[in-house]
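Enquirer: What follows is a single structure, and I will ask about it in a moment.
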Amino acid sequence: MEPSKDDLERNVRLFVWFRVLFNARFYYPIFAVFFTSMGLSVSQFLWLNALWAVTIVLFELPSGVLADLVGRRQLVLFSALSMLVEMLLLIVAPQGAGWWLFAVCAVNRVLSGLAEAAASGADEALAYDSVKLLYDDESKRASRWDDILVATMRWRSLAMVVAMLVGALVFDHQRMTSLFGEFPAWVSLKLPILLCFISSIFCVAFAWHLTDLGIQKKSESERTHVSEVWLGVLAALKWVATTKWIAAIILGAVVIDAAARTFVTLQSTYFQWVQLPTYSWGIIGAGMSLSGWVVPLYVKGLAKRFSPRVNFMLAGGASFLGLAGVAMLHNILGVLPCFLVMLSLVHVGFLLSRYINQSAPSEQRASILSVSSLMLNLGYGCVSLAIGLAMNRAAQTLGETAAFGQALEWIAIGLFVGLLIWFIASRPFRKIED
């Protein structure tokens, strides 16, 4: 059966809402501090993030190929269920239990990585091909997809505002007890996770009501073999490698994303380092989340006016200015450049989705999008692990505080060097657009 127009429109709406709730997590404003409050060190937290990234590296491409083989809806549903279980693990995780706590958190990070890997190519491929079936005209299709990306940015921003404000508020035990009376401190610690658990239930419901488009290569009665998955992986990698301008923009995105996301992961530690009150983290995070409203004001115009190479340099330049500002300003003024870092991340995400979906064939779309996500998370994992190891070594001689300050400088310098190398190396693969 071919999906109806109503099915296609519903897929688009559910894609937006799934993205909104899947990504707007109430623990984001206190992410690093949550794990350290549970009893882990900053180095252990960074190692866990490296494990999360390794999980995505291992499963990103196979999950994208599976989505193309057996259907995108199944992978989105698996992603939502993985999110549900990962939140449940953090709810029951024992506080201050040493390596037992680390083991539970490690399983949580693996499940989180599986959820990210399963959703990253499948949900977007399902949504874009729904738009493709709705519009035969390529210009109308491109315009509608840009509008969907903008809508997703804006709703995610609003959801992140709520998540940042509420997450930081419920985590602040002193403020919560002043509002609602005395209760155990561990309740405030776990409340952001409990709210994410509730969000994951909605994600499962949204995924359940998606409609597959019949683009998958295998019927429900056919068995999918491991060899087919690996052949699909090789085919997707070959497509990216031979479509050199796509390979170039993915590498550019990796350079920017790895540096910016490593800092964003440590952002709550930075706020703690500059001695900002805990409740303010959510307010700052909420303001930064409004980048999803700011970026659409200029990103569509830039994408139409400039080449992909120039657009990525603009995003990378904004990220470097933000990271350099953070490294130099060890006080409340360092909050301002944090906004530039977040703007660059949203900018890069829009550009990648726009350029890849316009070029990728439908039957390989999820696999190719997974290649992009794989490269992003591989870069993030490598940088996160390297910074964690360097901080651990520096802390032995300089102390935790000085080591953290050095880490901020390393991230900014690394981005500058990486951007310079990419700009020179990508010159032969510039795309000339009409």
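Enquirer: Output the residues belonging to the stretch 187-233 that are at pLDDT below 85, aliphatic (A, V, I, L, M), under 26 Å from the mean Cα position of the chain (by Cα) and in a helix (DSSP H, G or I).
Expert: The answer is Leu189, Val229, Val233.
Enquirer: Something else about it: Scan the stretch 233-242 residue by residue and report those that are surrounded by fewer than 18 Cβ atoms within 10 Å (Cβ to Cβ), touching a residue at least 12 places away in the same chain (Cβ under 8 Å) and over 21 Å from Tyr380 (Cβ atoms).
Expert: Ala235
Enquirer: Follow-up. Does the stretch 111-122 contain at least one residue that is part of a helix (DSSP H, G or I), more than 15 Å from the chain's Cα centre (by Cα) and among the acidic types (Asp, Glu)?
Expert: There is no residue in the stretch 111-122 that is part of a helix (DSSP H, G or I), more than 15 Å from the chain's Cα centre (by Cα) and among the acidic types (Asp, Glu).
Enquirer: Still on this structure, please answer the following. So the check is Cβ under 7 Å with 6+ separation or different chains; which pairs have a first residue in the stretch 1-20 that's basic (Lys, Arg) and a second one that's in a helix (DSSP H, G or I)?
Expert: Taking only residues 6 or more apart or on different chains, the pairs are Lys5/Leu134; Arg19/Asp123; Arg19/Thr152; Arg19/Arg156.
Enquirer: Only one of these is touching a Lys or Arg at 6+ places or on another chain (Cβ under 9 Å) and basic (Lys, Arg): Arg25, Arg10, Arg19. Name it.
Expert: Arg19
Enquirer: Then there's this: Would you point out the residue of the stretch 320-338, among those that are without any contact (Cβ under 8 Å) to a residue 24 or more places away in the chain, assigned to a helix (DSSP H, G or I) and among the hydrophobic types (A, V, I, L, M, F, W, C), that is most open to solvent (accessible area, probe 1.4 Å)?
Expert: Looking at residues that are without any contact (Cβ under 8 Å) to a residue 24 or more places away in the chain, assigned to a helix (DSSP H, G or I) and among the hydrophobic types (A, V, I, L, M, F, W, C), I get Met328.
Enquirer: Return the residues of the stretch 133-186 that are free of Cβ contacts under 8 Å to residues at least 60 places away in the same chain, among the hydroxyl-bearing types (Ser, Thr, Tyr) and in a helix (DSSP H, G or I); say none if nothing qualifies.
Expert: Ser139, Ser143, Thr177, Ser178
The values are calculated or read from the model by the stated rules, or taken from the named source; none is laboratory data. Predicted model only: the values in this text are computed from it and were never measured. As a convention, Cβ positions derive from the backbone with ideal geometry for all residues, glycine included, and neighbour counts pool all protein chains shown. To get the accessible areas, we keep the full protein, side chains included, count just its heavy atoms, and leave off ligands, DNA and RNA. Shrake-Rupley method; radii C 1.70, N 1.55, O 1.52, S 1.80 Å.
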